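The values are calculated or read from the model by the stated rules, or taken from the named source; none is laboratory data. Owing to the predicted nature of the structure, the values given are computational and were not obtained by experimental measurement. Glycine also receives a Cβ, built like all others from the backbone with ideal geometry; neighbour counts cover every protein chain displayed. Remember, those area values only see protein heavy atoms, side chains included, never the ligands or the DNA or RNA. Shrake-Rupley method; radii C 1.70, N 1.55, O 1.52, S 1.80 Å.
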Amino acid sequence: MYDVIVVGGGHAGCEASYACSKIGKKTLLVTSNIKNIADMPCNPSIGGTAKGIVVREIDALGGIMGKIADKSHFQIKMLNSKKGPAVRSLRAQIDKKIYPKLMLKELQKQANLQIIEAMVEDLIIENGAIKGIIMEDNTKIYAKAVILTTGTYLRSQILIGSKKTPGGPHGEKESKNLSNKLKQYGFEIQRLKTGTPPRIDVSTVNLKDLTIEEGDKEYYTFSFDNSPFYNINEQEKCYLVYTNANTHKIIRENLSKSSMYGGYVEGVGPRYCPSIEDKIVRFSDKERHQLFLEPESKENNEWYLQGFSTSMPYNIQEKMVHSLKGFENAKIIKYAYAIEYDALNPLQLKPSLETKIISNLFTAGQINGTSGYEEAACQGLIAGINACLKLDSKEPLVLKRNEAYIGVLIDDLVTKGTQEPYRLLTSRAEYRLILRNDNADRRLRKYGYQVGLISDSQYKKIVIKEKNIKAAINKLSTSNLKLTKEVIEVFKENNIEIPTFSISMSQLLKRPKIHMDFIKKLIDLDFSDEILDQVSIEIKYEGYIAKTYKEVEKLLNLESKKIPDDIDYDKILNLASEAKQKLKIIKPATIAQATRISGVNPADISVLSIYLKKEYGKNE
Amino acid sequence: MNDNICAISTPLGVGAISIIRVSGPQSINIVNSIFEGKDLTKVKSHTINYGFISENGKNVDEVLVSVMKAPRTYTKEDIVEINCHGGLSTTNKVLELLLTNGCRLAQGGEFTKRAFLNGRIDLVQAEAVGDLINSTTEEARRLSLSQIEGELSKKIKTLRKKIVELLANIAVNIDYPEYEDAEDVTTNVFKNKLEPIIDEIKSILLTAKDGKIIKDGINVALIGRPNVGKSSILNKLLDEDKAIVSNIEGTTRDTVEGTISLKGIKFNFIDTAGIRKTNNEIEQIGVNKSKKAIQNADIVILVLDYNEKISDDEIKLIESLEKISHFIFINKNDQPKKIDLNNLTDQELVYGNTVEIDGIKMLKDKLIEKFNINKISARDFTYVSNARQISLLKNSLGILNELRTQVLNNVPVDILEIDLKKVFDLLGEITGETYKDELLDELFSNFCLGK
């Protein structure tokens, strides 16, 4: 008898089983193939806009993705480094061979965690509660909670041209029955689609014809506890490639041969990650499209051609690749394919990621309709944490939209659902100015500590950090600029206008052209760069940050208006029928969540508020 | 909202017919229970039925009853309208009967609120309906109708579209920093895109002033010493414009003595300290008393007597008007001239009397001329006629102006975008496309009783 069983060893499953075992629960991870644990079947990178911040948040909460990524990448970049601090985000090119190995090693080190290879065919359910799983050979394993992190493997089919082959990525076996069983238990299943581009033998590409994309010349880590393991000067290069008129012609002429345009696909693909044929059709006036050629591992020659995902048959893919400049003789190692799979409608989930239908059953990752390693991992972590909290009869950890991108993601999923594979975007976060790459630890370490994933010493670090930030801000706002001869000299040297009246250092820092480096020349600041970085952002953007907090206050006010579990929406006569339907399915926990449901308009919120006031009185 | 509401939906005391509107799931049953005639529960929707409202077998009023079944009604609920013919007291009696038979009195704007809550109309339309109720003049009615057709909505929606396009562009820059597909919105590009948005809001706001004139009317202070003829002038103005006078106690603001309509624009005459007092108590000219009225006025008419010399107090009054929009009406020009015009060389003078038929025509013409009314009427009707809308536009403009400054300070575009989003939301509030808790309450408390 286990406390928790995690089904699936992808990025969600890894975080979930790591978290549960670390918290101290007897955990079992069931995977179809141990060699494929933490596999990266698509792009060879972790992070990216918004996603990079998620990896930082996972780390802040005590998850593992960032720590492994730090040890397995061969190039890292801070995206948007020229833009404001709120939109900066890390992205690392990961060695696809190293990452899974390190992850497996880490999991195998975990006390309380057992890993087995098996296919799960059914669930054991008694009185609406999960009791365990049933394997292919009919063995039953019992547990108090189960987390499904099955990725794209539910009834998955690989699509290449007109060919449809049952199976998962890498020729793995798909799960034939589990999604049918879930359907029988009352879950609504949706069919989604995604795709991956061809892998090219880099030794057959003329790299001289391509534009080099290098890593940053600055050290970064995802984890707040890691020091860099790499040398900035030894990073691998990526390359920029363009499609051309010939490529487009080949695609147009063969459009009907692709699975997508040939009508072989049922699933809905993501708009933000279209196949190359989609791009050609939808943006027909564009003369070229950007592609990136990225290494997958130092152990082989397989390179990933980002932006070129397609479901064309093999011979057309050859032609398409050969049309690219520098790829005239390129050899395709793995062909591109599209994949269709079953996912649950995430509206059937509570914000804790527990299913509404079966208690103690949690789901995380692509099974919930998301896409992306990071999106999967953070859900796995939250599902793992909440499974443990549930077993301990504690309140779940539900991160709010103003606390983390993870909160935005899960709230979006369980409130709005999704019609396409869901990807996090910066613009989905309305409070992004306070959800930064640089402050994830300040936002979330406390929660990691509370649930037992962050150690005393890690927590002490953040407490001291906060103290230092306060002290530094205090010092800057209480120290006035003294225009001594030397100081005036510094201003002149840096070609900066000398203030005409007495101002504090923090007021000076607020000025457009002034940066912390300049302030450091004027005043002794005995603080680390990490601290001064925080201080600089807080002072420079004080007005904007304050404004965001004001908005947050409004949100929290609406979040505090709880909707009772036992509310009977049928009794609210004037609710529009669409709104009533949605509210009955989603069962929002608060008025704030209700306002975010599509199809619930302001009038319905007004009606609902009036009803709550009438029936439950206390609702302010 | 499953109860039944009723209210008199026509202005009290104006016109021969009063309409009482009832809305709610039992509205047809309730009216049927006090109605003598066809069984209203069995008549077709959208029919007018003749009969009597009766109490204990005694007829109260002869009425026409319109029955309109949900959802094709103003509130999307069952609606019954009773056209009463018996004047104010019988209309009140019918209302009372409804109230004792299961209806409650509608709050101000509640019909419109229900129409809005039931998804019948959007917020701008709801506000315009409120203005329609309040407006007593034709011009304002035209303004209200034009807004219902959504001209303002259209302008705001176009503006929001522009903004959302810019927002989307910035979002692409942020989320896909390496892609060349989208224009890079640099601070410069941002600034250039900001300008037309600012201009558009300014131009909408410019029309707001005219909108206010049309909706609320122009406040006029009629001042002068006792016995100069102020009451006679007012009475004559009001007599000639009886249909619009709302001098029933409590129906107008206390400070307004009477309202007239000239070319469709309302003129509200402000009470200038006992202007209608009948006793001839001698008192000092109310310089101080007049001051307050002058403060609240859009224009001041000082009345002098053609048949009297100008007193020192009157000269003081004239001096006090130096910086205030005003003109002088020299009354009683049917009598011999005693006034010395040398004191009035710089003043706009209008002559007249309250005895002859056309005695105050010049006064009216002057008012029309002063406010360029002929010009206003010819304008298109994208007027902003509501204080809330104006304040939202002004807030938007404030943020946009601040954004312009911040652009120059090199604040990153991705941060500026947050404020631009705010403008987008504010404009959305005008058309009702974003949700704010306090919005509905503020909006609907602005409505007068009934629709």
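Just a few scattered comments:
- Qualifying residues in the stretch B:56-67 (those that are charged (D, E, K, R) and open to solvent by 70 Å² or more (accessible area, probe 1.4 Å)) - the one farthest from B:Cys6 (Cα to Cα): B:Lys58
- Elements of type helices (runs of 4 or more DSSP H) in the stretch A:513-612, at least 1 residues being among the basic types (Lys, Arg) and within 14 Å of chain B (Cβ to nearest Cβ): A:529-540, A:542-559, A:577-586
- Residues located in the stretch A:298-317, provided they are assigned to a loop (DSSP other than H, G, I, E, B), more than 14 Å from chain B (Cβ to nearest Cβ) and open to solvent by 10 Å² or more (accessible area, probe 1.4 Å): A:Lys298, A:Glu299, A:Asn300, A:Asn301, A:Ser309, A:Pro313
- Filtered residues of the stretch A:492-512 (kept if under 42 Å from the mean Cα position of the chain (by Cα) and in a helix (DSSP H, G or I)): A:Met505, A:Ser506, A:Gln507, A:Leu508, A:Leu509, A:Lys510
Here is a yes/no grid of residues against (1) closer than 21 Å to A:Thr363 by Cα; (2) out of contact with any Phe, Trp or Tyr (no Cβ under 9 Å at 6 or more places or on another chain); (3) outside any strand (DSSP E or B):
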{"position": "A:Gln114", "(1), (2), (3)": "yes, no, no"}
{"position": "A:Asp122", "(1), (2), (3)": "yes, yes, no"}
{"position": "A:Gly132", "(1), (2), (3)": "yes, no, no"}
{"position": "A:Tyr142", "(1), (2), (3)": "yes, no, no"}
{"position": "A:Gly151", "(1), (2), (3)": "yes, no, yes"}
{"position": "A:His170", "(1), (2), (3)": "no, yes, yes"}
{"position": "A:Gln190", "(1), (2), (3)": "yes, yes, no"}
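- Test: residue in the stretch A:489-503 that is within 14 Å of chain B (Cβ to nearest Cβ) and crowded, with 16+ Cβ neighbours inside 10 Å: no
- With respect to being in contact (Cβ under 8 Å) with a residue 24 or more places away in the chain and farther than 30 Å from A:Ser311 by Cα, A:Ile133 fits the description.
- Considering each residue of the stretch A:24-32 in turn, none proves to be surrounded by 22 or more Cβ atoms within 10 Å (Cβ to Cβ), at positive phi and in contact with a Phe, Trp or Tyr (Cβ under 8 Å, 6 or more places away or on another chain).
- Scan of the stretch B:391-410 for residues that are out of contact with any Lys or Arg (no Cβ under 8 Å at 6 or more places or on another chain) and open to solvent by less than 20 Å² (accessible area, probe 1.4 Å), ordered by number: B:Leu392, B:Leu393, B:Ser396, B:Leu400, B:Leu403
- Residue selection: A:Gln184 satisfies the criterion of being over 30 Å from A:Ile332 (Cα atoms), without any contact (Cβ under 8 Å) to a residue 40 or more places away in the chain and not hydroxyl-bearing (Ser, Thr, Tyr).
- B:Thr100 vs. criteria open to solvent by less than 70 Å² (accessible area, probe 1.4 Å) and assigned by TED's automatic domain parsing to the domain that holds B:Ser23: no
- Some residue of the stretch B:205-212 being at pLDDT 80 or above, under 24 Å from B:Ile324 (Cβ atoms) and crowded, with 21+ Cβ neighbours inside 10 Å: no
- Remark: pairs (first residue in the stretch A:450-471, outside the structural domain of A:Ser536 (by TED's automatic domain parsing) and modelled with pLDDT of 95 or more; second residue open to solvent by 100 Å² or more (accessible area, probe 1.4 Å) and not hydrophobic (A, V, I, L, M, F, W, C); Cβ separation under 9 Å; 6+ apart in sequence or on different chains) = A:Val451/A:Lys394.
- Looking across A:Ile160, A:Ile212, one residue alone is in contact (Cβ under 8 Å) with a residue 24 or more places away in the chain and open to solvent by less than 40 Å² (accessible area, probe 1.4 Å). It is A:Ile160.
- Just so you know, in the stretch B:26-46 the residues that are surrounded by fewer than 16 Cβ atoms within 10 Å (Cβ to Cβ) and within 22 Å of B:Thr112 (Cα to Cα) include one that is nearest to the other protein chains (Cβ to nearest Cβ), and it is B:Ser45.
- Of the helices (runs of 4 or more DSSP H) entirely within the stretch B:87-173, those holding at least 1 residues that are at pLDDT 60 or above occupy B:87-100, B:110-117, B:123-134.
- Yes/no for A:Leu324 being in contact (Cβ under 8 Å) with a residue 24 or more places away in the chain and either part of a strand (DSSP E or B) or out of contact with any helix residue (DSSP H, G or I) (no Cβ under 8 Å at 6 or more places or on another chain) (or both): no
- First in the stretch B:394-418 and facing another protein chain (nearest Cβ under 10 Å), second anywhere and polar (S, T, N, Q) and not in a helix (DSSP H, G or I), Cβ under 9 Å, 6 or more apart: B:Val413/B:Thr186; B:Asp414/A:Asn80
- Taking the criterion of being closer than 21 Å to B:Ile310 by Cβ and open to solvent by less than 50 Å² (accessible area, probe 1.4 Å), the residues of the stretch B:361-372 that qualify are B:Leu363, B:Lys366.
- Of all residues in the stretch A:224-242, none satisfies being open to solvent by less than 40 Å² (accessible area, probe 1.4 Å), within 29 Å of the chain's Cα centre (by Cα) and of a type in the set (Asp, Glu).
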